[in-house]
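As structure tokens, the structure follows; a few thoughts come after it.
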Amino acid sequence: MTKRYDLIVVGAGPAGLTAAKAARECGLEVALLERKTDITNLHRCCGQSLVSMNEYYFGDIFHFNNEGKRMCFPVNRFSLKYDGPSSNIYSWHFYSPDGHIVKLGDAKELKKLGDNGRIAIIHDKEVFFRCLLKEVEKIGVEVFSGTNVTDVTKTGENVIVEGGGKNFEATYVIAADGTNSLIAEKMGFNKARDFFCKISSKSYYIRNAKIPELEVALSCPDYVKEIPVFMVVFPWINEDEINAIFLTLDPYLNLDEVTDYFMNKHPIYSEWFKGSEETRMFTSVESIYSPIIEPYQDNVLIAGDAGGTQEVENTGAMISGWRAGNAVATSVIESKVGLKAEGISHYLKWWKETYIDKYSHEDYVKNFTFSYILSGDDLNYLFSLIKEPLAPCFNPYEALNLISQAIQQAAPTIQQERPDIIPRLAKMAAPLKEIITSIPKS
Ligand SMILES: Cc1cc2nc3c(=O)[nH]c(=O)nc-3n(C[C@H](O)[C@H](O)[C@H](O)COP(=O)(O)OP(=O)(O)OC[C@H]3O[C@@H](n4cnc5c(N)ncnc54)[C@H](O)[C@@H]3O)c2cc1C
């Protein structure tokens, strides 16, 4: 006879592992299904940073307890073991194509504050997966790695999950299957969402690159064949290594061409990479949708990137996984003791108030679409106007707003020197759908 679980979690990323832990700690029978054969392996691009440490993000003030080796979420009252290496990020720098830098945070000043001045940390996600997997296995979550889930259906009181040639049965399912969620698609959640485009990435870990400042993250927009492209550079936990990610929204542009441009041809960045050595390579393709407003249907609850716009980031995924696991546990326990099951509704309220109402998904996507409106020449000029470091920030929903505000303050100068840019700046406030029309969606 098929075992009936209280909860099946699909996906063992940060959201799924955290959800499984939370539910099992409340005594639920939990199965965790993951298509990777080795859950601890990183299988796609990630900057491996943990945002955001100098401001609330997803309703919590994330903190890393260096001595206790715990990732701490004090508002949500949980912490997760992480005994791997870490390094601090003190500032986020945006480069214009000709090398003018807008700094979110003054790294030199913030570094004087030590850990209290950091805006994020870099962690080794594979070590994090190892810590969390060990813990969920120890407390009795049944882990099915190498299980690719192909369908989820509601039958009477149960949800049936098909994967790895088997059927699994549970009262609830948490879909934590990431940004291109099969479950969100199969269950019809995507019908109510706007699909904007896809973002393709390729990342290289690179040894001995000559990056001007090590404890900062760098975003470098530019153009290849007049198509907007990006290089984002994260420090890595070894001082002699960095993680350089190359991105495009254009599905027809070859990312090798983008990488070659930044690393070998660009007048500034090619100098950084002379004599460097690539160590590891990852790729990813993500669908960019508007978020799922009501992430629950037919006993299936959505957590992490599966319900977000492109990414809720690692910390957002852990928080929503924790909340989702506890929400299901609450509902199961309520039902068992004869109370009305209301746990899920707490999660829906939290998701709406903390994510949907708080953040503009359009702001997030505009991190990658502003250079579809502004030319390289525009960026060179505008960035040259911002000479002092802006407020420290590593929150992807806020960064562009801070830069926009600084540009607005320079409006009289722009009006005088470059009035031609004003209509394009005004277009930055247009709805995303209007901005994104020129990006192929294939
Ligand atoms: C280029 C890039 C850079 C990034 N940089 C950062 C960064 O610096 N900092 C940060 O915080 N975030 C970063 N992110 C985002 C971060 O990786 C995600 O937000 C985070 O991993 C989301 O966690 P998740 O658990 O929701 O989903 P995921 O980490 O995607 O985990 C989903 C899991 O589900 C599994 N799965 C999927 N489909 C199935 C299926 N059908 N059956 C079974 N299993 C399935 C997958 O194998 C995966 O293990 C980056 C992402 C990209 C693409």
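The values are calculated or read from the model by the stated rules, or taken from the named source; none is laboratory data. The structure presented is a predicted model; accordingly, all values stated were derived computationally and were not measured. Please note: Cβ atoms are built from the backbone with ideal geometry, for glycine as well, and neighbour counts cover all protein chains shown. What goes into the accessible areas is simple: the full protein's heavy atoms, side chains included, and nothing from ligands, DNA or RNA. Shrake-Rupley method; radii C 1.70, N 1.55, O 1.52, S 1.80 Å.
Evaluate the stretch 16-32: report whether one residue or more is in contact (Cβ under 8 Å) with a residue 24 or more places away in the chain, within 21 Å of LEU402 (Cβ to Cβ) and surrounded by 23 or more Cβ atoms within 10 Å (Cβ to Cβ). No. Taking the stretch 91-125, which residues are part of a loop (DSSP other than H, G, I, E, B) and more than 30 Å from PHE383 (Cβ to Cβ)? The answer is ASP124, and nothing else. The condition of being in contact with a Gly (Cβ under 8 Å, 6 or more places away or on another chain) and under 25 Å from VAL127 (Cα atoms) holds for only one of ALA303, ALA329, that being ALA303. Scanning the stretch 369-412 for residues that are open to solvent by 50 Å² or more (accessible area, probe 1.4 Å), of a type in the set (Asp, Glu) and in a helix (DSSP H, G or I) gives a single hit, ASP377.
Being within 30 Å of LYS433 (Cβ to Cβ), of a type outside the set (Asp, Glu) and in a helix (DSSP H, G or I): is that true of LYS191 here? Lay out the reasoning, then the answer.
On the way: within 30 Å of LYS433 (Cβ to Cβ): yes; of a type outside the set (Asp, Glu): yes; in a helix (DSSP H, G or I): yes.
Yes, satisfied.
With respect to the conditions (1) within 13 Å of the ligand (Cβ to nearest atom); (2) under 30 Å from PRO228 (Cα atoms); (3) polar (S, T, N, Q), SER87 lacks only one, and its number is (2). The stretch 126-188 holds strands (runs of 3 or more DSSP E) entirely within its bounds, and those carrying 2 or more residues that are touching an Asp or Glu at 6+ places or on another chain (Cβ under 9 Å) and open to solvent by 60 Å² or more (accessible area, probe 1.4 Å) map to 149-155.
Residues in the stretch 303-321 that are in contact with a Ser or Thr (Cβ under 7 Å, 6 or more places away or on another chain) and not in a loop (DSSP other than H, G, I, E, B): 5 in all. When PHE64, PHE58, PHE78 are checked against the criterion of being at negative phi and either assigned by TED's automatic domain parsing to the domain that holds LEU374 or within 15 Å of the ligand (Cβ to nearest atom) (or both), PHE64 stands alone in meeting it. Checking each residue in the stretch 227-283 for being basic (Lys, Arg) and either part of a strand (DSSP E or B) or outside the structural domain of THR437 (by TED's automatic domain parsing) (or both) picks out only ARG280.
Does THR37 fit the bill of being in a helix (DSSP H, G or I), modelled with pLDDT of 95 or more and over 24 Å from LEU214 (Cβ atoms)? Answer is no for this residue. Scoring ILE344 on the criteria (1) of a type outside the set (Gly, Ala, Ser); (2) within 16 Å of the ligand (Cβ to nearest atom); (3) open to solvent by less than 20 Å² (accessible area, probe 1.4 Å) leaves a single failure, condition (2). Identify the residue in the stretch 69-89 that is open to solvent by 40 Å² or more (accessible area, probe 1.4 Å) and out of contact with any Lys or Arg (no Cβ under 8 Å at 6 or more places or on another chain) and, among all such residues, is farthest from PHE394 (Cα to Cα). Applying the filter and picking the extreme gives ARG77. Scanning the stretch 27-45 for residues that are within 10 Å of the ligand (Cβ to nearest atom), under 15 Å from ARG130 (Cα atoms) and of a type in the set (D, E, K, R) yields GLU34, LYS36.
The set of residues from the stretch 169-196 being on the phi > 0 side of the Ramachandran plot and near the ligand (Cβ under 10 Å from one of its atoms) comprises just one member, GLY178.
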